[in-house]
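Asker: Quick one: this structure, given as C-alpha cells, is what I'll be asking you about.
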C-alpha cells in the first residue's frame, strides 16, 4: 500500500474513532468501577494491622506449598505481564485519533478510558506480586529484574498505530488473559489453594469486563466501516497476535525466557494453541464476519481468509505436542 493510501486509511479510521468518543466515555462510567467501590489487593492478603498476621502468612504459605512448580511459574509469568502497565497506557495514547490533544488530563472518552482501564489492570500485578512474595517460593529478585527488563524493552503489538488494529488486538488479548487466569484459578483450586483460586477468578472477572468493552468498541467500528474493520482484522491475524510479555527476556541473560514461559502454559493447559484458535472463532462469530455483505473486493478476500482461519489454527493445535521438558524460571 502506498504512503498516500496509508495516510488516507488512517485519517478515515481516526474519523470513525472520534465518532465513538461518547460511546467510550459511557463505558468508562458504566463498565469500569469507581476506585472507592472496586476491590483492592489488600482485600485478599494478610492484614498487617491484625495481631495474628503472621499466622495468616503461615496459612498462606501452607496453602501455597501444594501448588505445582509449573503452575507457580506460569502465575509468575502472568504477573510480570500485568506489571508492564506503563507500556500499555503509553501504547494506547500513541494510537492515531485516541489522544489528539496529547494530554493525559483530557476529558475525552478515549483518554478517560485509557487511564481508568489501566488503573483497574494495575491492581492485578500488585495483588499477584504481593501474593507471590508472601509464598516464600519465588526468587523475587529475578522476578523484579524481568519486570524491569520488560518495561525497559517496551511493547509492540504490531498494530502500526492504527486504532482499528489496536481494538482487534485488545479484544483478543483481554479474552486470552481472562482464559489464562481462569485456568490458573482452576489449577490452584485443584492444588488446595482456594484463596489463590479466588484471586485468579476475580482478576479474570475484570478481564471479562474489559474484553466485553473492547469487543463493543470494535462492533461499533464494524457497523460504521465494515470494509475498514474487516481489513484491520485480517491484518492483525496475518501478523498473529503477539503476547504483551514477548520481550521479557530480550537483551538479558536468558533470551529464551518468554519461550520457556509459553511452553509451561502450553504444557499445563493454562493457555494453549487450542485457546488461540477458539478466540479467533469467537471473534469471527461475534462480529458476524461470514454474514457481512456489500464488501469491496479486498474486504471480501479478507472475509474468506478469516472465515476459515479458526479451523486452520485448530488443526495446527491438534498437531502440536506439549514439550517433554520445560525450564522453570523465577522459582527458588
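Asker: Using mean Cβ contacts within 10 Å as the protection proxy, how do 226-232, 241-247, 316-322 order, highest first?
Answerer: Top to bottom by mean Cβ count within 10 Å: 226-232, 241-247, 316-322.
Asker: Return 314, 79, 237 ranked ascending by Cβ neighbour count within 10 Å, so the fewest neighbours appear first.
Answerer: 314, 237, 79
Asker: Roughly how tilted is helix 69-83, in degrees to the nearest 10 and between 0 and 90, from the longest Cα axis of the chain?
Answerer: 50 degrees
Asker: Of [x] 64, 48, 36; [y] 66, 51, 29; [z] 67, 45, 35, which one was derived for Cα extents along the principal axes in Å from the structure shown?
Answerer: Given [x] 64, 48, 36; [y] 66, 51, 29; [z] 67, 45, 35, the structure-derived one carries the label [x].
Asker: I need the shape label for the range 47-184. Rule: rounded when a/c is under 1.5, else prolate if a/b > b/c, else oblate, with a, b, c from the alpha carbon gyration tensor.
Answerer: Taking the square roots of the gyration eigenvalues as a ≥ b ≥ c, the range 47-184 is prolate.
Asker: What FRET efficiency comes out for residue 307 versus residue 53 if R0 is 41 angstrom and r is the Cβ-Cβ distance? Round to the nearest 0.05.
Answerer: 0.15
Asker: Rounded to the nearest 0.05, what FRET efficiency do residue 94 and residue 250 give with R0 = 35 Å and r taken as the Cβ-Cβ distance? Could you check?
Answerer: Calculated value: 0.95.
Asker: Let me ask something else. Please determine, in degrees from 0 to 90 and to the nearest 10, the orientation of helix 226-239 with respect to the longest principal axis defined by the Cα atoms of the chain, where the helix direction is its Cα long axis.
Answerer: For helix 226-239, the angle is close to 50 degrees.
Asker: Go ahead and run the numbers for FRET between residue 12 and residue 139, Cβ-Cβ distance against an R0 of 51 Å, rounding to 0.05.
Answerer: 0.55
Asker: Moving on to the next point. Would you kindly state how much longer the chain becomes between residue 327 and residue 300 on full extension, computed as 0.36 nm times their sequence separation minus their alpha carbon distance, in nm to one decimal?
Answerer: Fully extending the segment from residue 327 to residue 300 adds 5.3 nm.
Asker: So, one more: Give me the extension gain from residue 240 to residue 290: residue separation times 0.36 nm, minus the current Cα-Cα distance, reported in nm with one decimal.
Answerer: Gain in length upon complete extension: 16.0 nm.
Asker: While we're here: Provide the gained length on full extension for the span residue 319 to residue 38, in nm with one decimal, where the gain is 0.36 nm per separating residue minus the Cα-Cα distance.
Answerer: 96.9 nm
Asker: With angles folded into 0 to 90 degrees, how steeply does helix 297-307 sit against the dominant principal axis of the chain? Use alpha carbons for both and round to 10.
Answerer: 30 degrees
Asker: Using a basic spin-label model with each label point 7 Å from the Cα along Cα→Cβ, how many nm lie between residue 103 and residue 282?
Answerer: Spacing of the two 7 Å Cα→Cβ label points: 3.8 nm.
Asker: While we're on this one: Only Cα pairs under 8 Å and at least 6 apart count here; give the relative contact order of the range 3-319 as a rounded whole percent.
Answerer: Normalised by residue count, the contact order of the range 3-319 is 22 percent.
Asker: What is the order of 117, 39, fewest Cβ neighbours within 10 Å to most?
Answerer: Listing 117, 39 from fewest to most nearby Cβ atoms yields 39, 117.
Read-outs throughout are calculated quantities, based only on the coordinates presented, and are distinct from any laboratory measurement. Note that the coordinates shown come from a computational prediction; the quantities given were computed from them, not determined experimentally. Note that each Cβ is placed from the backbone with ideal geometry, even for glycine, and that neighbours are counted across all protein chains shown.
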